[in-house]
Amino acid sequence: MSMDEDIRPVTYLKSKAADLLRQVNETRRPVVITQNGEPRAVVQDTKSYESMRKALGLLKLIAQGEEDVRKGNVVRQEDVFSRARKAIGKA
């Protein structure tokens, strides 16, 4: 499939929604919907959307961790394990 098949005008969405949904679910590629020649929305299958959300969540956690390290907000590994052992009663 060519890139042209991944860009559709809003009129296509209005008249062929079922075809569009079949396409995104079969190809797992998002389709950009345009209005007056400008991109306005993206239609994406639910599995790819959920995968993307999970990946973004992980990236956010990594960024937060990196920020903590830059600020010096860290705990030694030995201290973490010691606290964990105490919390579960194996100190």
List the strands (runs of 3 or more DSSP E) that sit entirely inside the range 7-77 and contain at least 1 residues that are small (Gly, Ala, Ser) and surrounded by 10 or more Cβ atoms within 10 Å (Cβ to Cβ). 38-43
Name the single residue, out of those in the range 44-84 being among the hydroxyl-bearing types (Ser, Thr, Tyr) and under 19 Å from the mean Cα position of the chain (by Cα), that is farthest from residue 30 (Cα to Cα). 51
Of the conditions (1) part of a helix (DSSP H, G or I); (2) without any contact (Cβ under 8 Å) to a residue 12 or more places away in the chain, residue 89 fails just one. Which one is it? (1)
Of all residues making up the range 41-85, the number that are closer than 30 Å to residue 12 by Cβ and among the aromatic types (Phe, Trp, Tyr): 1
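The numbers here are math on the coordinates, done by the rules we state, and not lab data. In this text the structure is predicted, and so the values were computed from the model without any measurement. No Cβ is skipped: glycine too gets one built from the backbone with ideal geometry, and neighbour counts run over all protein chains shown.
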